[in-house]
Amino acid sequence: MADEQLTDKIEAWLKGNLPTAEAAAFQAEVAADPALAEQVDLHRLTLRAMERLSEQHLQQNVLTWLEGVDMDAAEEEPGKNPRPHKITSPYRNRFRTAAALLLLTGAFVFYLIWKSGAEKQKIAALEAEIRQRDSLLFELKQNPSADPAKMDSLSLENAQLRQQLQEAGKNTGKPPGPIAYYTKPKDLGGMARMGEEPQVEQLLKEGDAFFQKYDMMKQAEEKARAVLKIDSTNRDALRLLAHALINQQRFLEAETEFEKVQHAYAQSSAGAKEAEWNRLLCYRALSADAGQRTLYNAALRAILNDPDHPYYIQAKRMKTSDGKIEQ
């Protein structure tokens, strides 16, 4: 369909001038084609802007002036015929074109603002749903008699919601970043280790390369799990998996993996301290749940009681921003 024909059809559909059967068919096309839906939205906003101009009599004034009428003179001497401007046809056409472009630009900017707001609302709604399911999962994990099928169902729903959240973040051009106070590691197994199997070494390198890209955390997770199938105690794979999960905002799963990392390192080592800090961040992200909030407060107190802890300063800042720690 030619652009002009499509424009006429969109306008006719928006104004309700299409026959019933044709309107229904076009509505189905709009629902199935995101690009066409965007054109329709832009057309709708343009029509609204035109109506607004008409309501304020601006459109008529502008067109009258472009036709060569001095509106100032008309207002000063309402009983007399207004003096015509001596605007030649080429200039008149240029003014018309400029006015139309200005109108379209304003409508497009308004559309972008509206779309950005809609995407932000969608992200907020998805995050709220994810937090709710995380809270339910946490409660089920504390109950030994919990139904495994229900836990699997909630986990699957959350995975789907997080995928939608990631897609929504891409649409805004600003993907939802990791939680506050999180520091993304520069190396999660990308270096060769003495005596390491070539397959494990290659998987870790590939996983680390994926991890350095925001939108490839799922692939990094898969590489880490592949290594753990070969060597279930590989500390680099455990770290890679935990960090890939926290970047996907799968905080319950990430906390479990960071706990494994913490135990895999000596309690006094930097690796254990990093894992302890990231477990705290998982608790904090889930602190809408009372149980997780208790764990968060306890973990924060433990770090604040150790001035030599590498994350002591960040913990102080966190306490300041979050307020008083609950006892």
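Does R293 meet the test of being under 29 Å from the mean Cα position of the chain (by Cα) and without any contact (Cβ under 8 Å) to a residue 40 or more places away in the chain? It is true that R293 is under 29 Å from the mean Cα position of the chain (by Cα) and without any contact (Cβ under 8 Å) to a residue 40 or more places away in the chain. When each of L245, L304, L300 is tested for being of a type outside the set (S, T, N, Q) and closer than 30 Å to L203 by Cβ, the lone residue that passes is L245.
Condition check ((1) surrounded by 11 or more Cβ atoms within 10 Å (Cβ to Cβ); (2) at pLDDT below 70; (3) not in a loop (DSSP other than H, G, I, E, B)) across all residues:
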site: G106; (1), (2), (3): yes, yes, yes
site: E127; (1), (2), (3): yes, no, yes
site: S155; (1), (2), (3): yes, no, yes
site: Q160; (1), (2), (3): no, no, yes
site: K170; (1), (2), (3): yes, yes, yes
site: P175; (1), (2), (3): yes, yes, no
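Applying the criterion of being among the polar types (S, T, N, Q) and within 27 Å of the chain's Cα centre (by Cα) to the residues of the stretch 269-288, the residue that is modelled with the highest pLDDT is N278. Looking across K150, K122, one residue alone is more than 17 Å from A285 (Cβ to Cβ), modelled with pLDDT of 70 or more, within 20 Å of the chain's Cα centre (by Cα) and not assigned by TED's automatic domain parsing to the domain that holds A285. It is K122.
Scanning the stretch 296-310 for residues that are farther than 28 Å from E129 by Cβ and either in a helix (DSSP H, G or I) or in contact (Cβ under 8 Å) with a residue 40 or more places away in the chain (or both) yields R301, A302, I303, L304, P310.
Please specify each residue of the stretch 269-290 satisfying the condition of being surrounded by fewer than 14 Cβ atoms within 10 Å (Cβ to Cβ) and in contact (Cβ under 8 Å) with a residue 40 or more places away in the chain. If the condition is that a residue be surrounded by fewer than 14 Cβ atoms within 10 Å (Cβ to Cβ) and in contact (Cβ under 8 Å) with a residue 40 or more places away in the chain, then A270, A288 are the ones that fit.
Conditions (1) at pLDDT 95 or above; (2) more than 28 Å from L126 (Cα to Cα); (3) among the basic types (K, R), marked per residue:
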residue	(1), (2), (3)
Q219	no, no, no
N234	no, yes, no
I246	no, no, no
A266	no, yes, no
A290	no, no, no
L295	no, no, no
P310	no, yes, no
K316	no, yes, yes
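For the stretch 151-164, the set of residues classified as of a type in the set (D, E, K, R) and over 14 Å from D134 (Cβ atoms) consists of D152 only.
The values are calculated or read from the model by the stated rules, or taken from the named source; none is laboratory data. Since the structure is predicted, the reported quantities are computational estimates derived from the model, not experimental observations. As a convention, Cβ positions derive from the backbone with ideal geometry for all residues, glycine included, and neighbour counts pool all protein chains shown.
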